[in-house]
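In what follows, a structure is listed as structure tokens, so that the remarks can point back to it.
The values are calculated or read from the model by the stated rules, or taken from the named source; none is laboratory data. Given the structure is predicted, the values throughout are model-derived calculations rather than measurements. Neighbour counts run over all protein chains shown; Cβ positions are idealised from the backbone, glycine included. Protein only, heavy atoms only, side chains kept; ligands, DNA and RNA dropped before computing areas. Shrake-Rupley method; radii C 1.70, N 1.55, O 1.52, S 1.80 Å.
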Amino acid sequence: MSEHHRPVATGQPGLGPVSVHALVHAGEVAQWTVVLLAWLWLGEQGMRLGWSWASGVLAVVLWWAARLLSRGRVWTLQAAPALMGLLGLLTAWGVWWPDLLSGHGAAHAALLAVAVLWGVWCGLIETRSQSSTFTLGRLAWHPLVAAALTYLAWRMPGSLLLSPLGASVLLALCAAVLHARDRLGAWPAGVCRGVQASLPQVLPASAMGLMMGSLWLGNAWCAGLNLSLEWMATSHLVLMAGLPALVAGVMRWWMPVGHALAHERLSFISLGFLIMGPLMLLGDSVVHGVLAMLLPSLAWAVHLGRHRMPLGSAVRWPPGVQRGLALLLGPGLLAWVGFLSPWQGPLAVQSAFALLGVLAAVQILHGLRRWAVPPSAGLPRQF
């Protein structure tokens, strides 16, 4: 753990530095787990219960939108630690609502309700997080453990009546850990709370979200390839959880955090991956298909490393513009893909990735133009 994130006081009797340190790591695993399980479980249930509504992606869209809308709000910063545990327990109970209300024809409505609740909880978690996965040690192992727990909960064997059991138990455990971590919040926050996004930051996150949100659509489109559900889910979990850990290790070795040009270089690399990913869709081989998934995922993994770099004097848009941009290019774009997919099939998601690639190209050209123009005296170059 870096000096910037080391607890200065526990605020709780009987908790020493070792137990606090362990709780911070456990909280980081829980935070990743809550997000990964949302992508996987809500996406699958949406396809099962609401395929006629935006091709089943509406639950994920509402979760994503609620997460963005609640992140960084005043009430999330001022909320009591008890709210963290309460929202988590309600979410853990909420995964049972669709099955409990299926007899009344309200299964999909119940799923949408728990999706909104889950999203608000995620926004609260991310706002109040006082640690960063990539500064807690030399190896970012937290997302890897979270992905394993998510997969085990999702594939937990049992009857249809007990199908939500794995997700419910795991969410309840995460709620307990996150509540305990929130009660300890007595050290200086080391990450930005709320939305502090510009276009280079929004695009990679939108691409990764679009890939995870269209997971089950892709499974339907790829039925002819004999790809199992386990393979599809595992590959997406590896892309979202494994790549950031791998890329963070490479970046630590290749480019020190304090490097003066780290921020600009990583911006260009991330946006470059976003441009190359949609170009792979022009090919029809298996290699092209794999690269079309891998390259946007690499862009997001690099973005996570870049996001913890100092932003310096980079231009920050008004909060309303930032949030609207994230909503439009995130859940808004996923909803558009869901509505178009019955008529366009894979072309719907491919066109969405192409749009992100075009925006990334425009941003790179803008960045190169700024580098080509000598900066004014005393003002550093910005990207």
**Complete:** Expected single match for at pLDDT 70 or above, surrounded by fewer than 19 Cβ atoms within 10 Å (Cβ to Cβ) and not in a helix (DSSP H, G or I) among L227, L282 is L282
**Asked** Do we have any residue at all in the range 160-169 that's modelled with pLDDT under 75 and under 30 Å from V321 (Cβ atoms)?
**Response** no
**Asked** Which of the residues spanning the range 112-130 are open to solvent by 10 Å² or more (accessible area, probe 1.4 Å) and either at pLDDT below 95 or within 18 Å of L243 (Cβ to Cβ) (or both)?
**Response** E126, R128, Q130
**Item:** Residue satisfying all of: in the range 310-331; surrounded by 16 or more Cβ atoms within 10 Å (Cβ to Cβ) and under 21 Å from W63 (Cβ atoms); modelled with the lowest pLDDT among these
**Value:** Q322
**Message:** Looking only at the range 53-67, filter to residues that are open to solvent by 20 Å² or more (accessible area, probe 1.4 Å) and touching a His at 6+ places or on another chain (Cβ under 9 Å); which one of those is nearest to M212 (Cα to Cα)?
**Reply:** L58
**Prompt:** Given the residues V120, V57, which is the only one that is within 23 Å of A233 (Cβ to Cβ) and either in contact (Cβ under 8 Å) with a residue 24 or more places away in the chain or not β-branched (V, I, T) (or both)?
**Reply:** V57
**Request:** Could you list, in sequence order, all residues of the range 68-111 that are part of a loop (DSSP other than H, G, I, E, B), open to solvent by 50 Å² or more (accessible area, probe 1.4 Å), small (G, A, S) and closer than 30 Å to P319 by Cα?
**Result:** A80
